Structures are given as C-alpha cells and as structure tokens.
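Scroll down for the structure; my scribbles are underneath it.
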Amino acid sequence: MRAYVDQHTCIGCGLCAGTVPEVFEIHDGGRAFATADTTEENADLVEEAIDSCPVNAIRDEE
C-alpha cells in the first residue's frame, strides 16, 4: 500500500512528514509527497498521519 497526497489540497503543514519521515517528505514546492510504501512496521503511523491531516489531503492507495 502507498499513501497518496493530493497536491491541490495539501497546504504543506509538515505534520505527515513529522509523523512518518520515512514515508512523507516536503518537496521544494512546499507540498508533501509520499515517497515510500507503507509497511507493517509503520502502518499505524501512516494512518495517524492520514487522520491528522488538517485538510484531509492524504489517502491510502492499494
């Protein structure tokens, strides 16, 4: 599974990257990107990042 960040919705707050830096990064444009797949080890943190996104810009994609 991989998380997807909607670039039109993301405000670049960095909460996701702060929660799971091995999955999310803030790129030069100031928006977050999912740069790695979700693993069994970080699945709970990815779900936390999805639930915590203030603008609901992150979703799971299989």
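Below are the figures for this structure:
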item	result
Taking the C-alpha atoms of region 2-61, convex hull volume expressed per residue in Å³	64
Integer Hz, Karplus 6.51/-1.76/1.60 couplings in order for region 22-27, x for Gly and Pro	7, 10, 10, 9, 9, 8
Cα-centre dipole for the chain with unit charges at Cβ (Lys and Arg positive, Asp and Glu negative), debye to 20	380
In nm, spacing of pseudo-spin labels at Glu48 and Gln7 (7 Å Cα→C-beta vector)	2.9
Helix axis angle, 43-52 relative to the chain longest principal axis, alpha carbon, degrees	30
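Coordinate-derived values only; no laboratory data. In this text, all values refer to a predicted model and were calculated from it rather than measured experimentally. For neighbour counting, all protein chains shown are included, and Cβ atoms are generated from backbone atoms with ideal geometry for every residue, glycine included.
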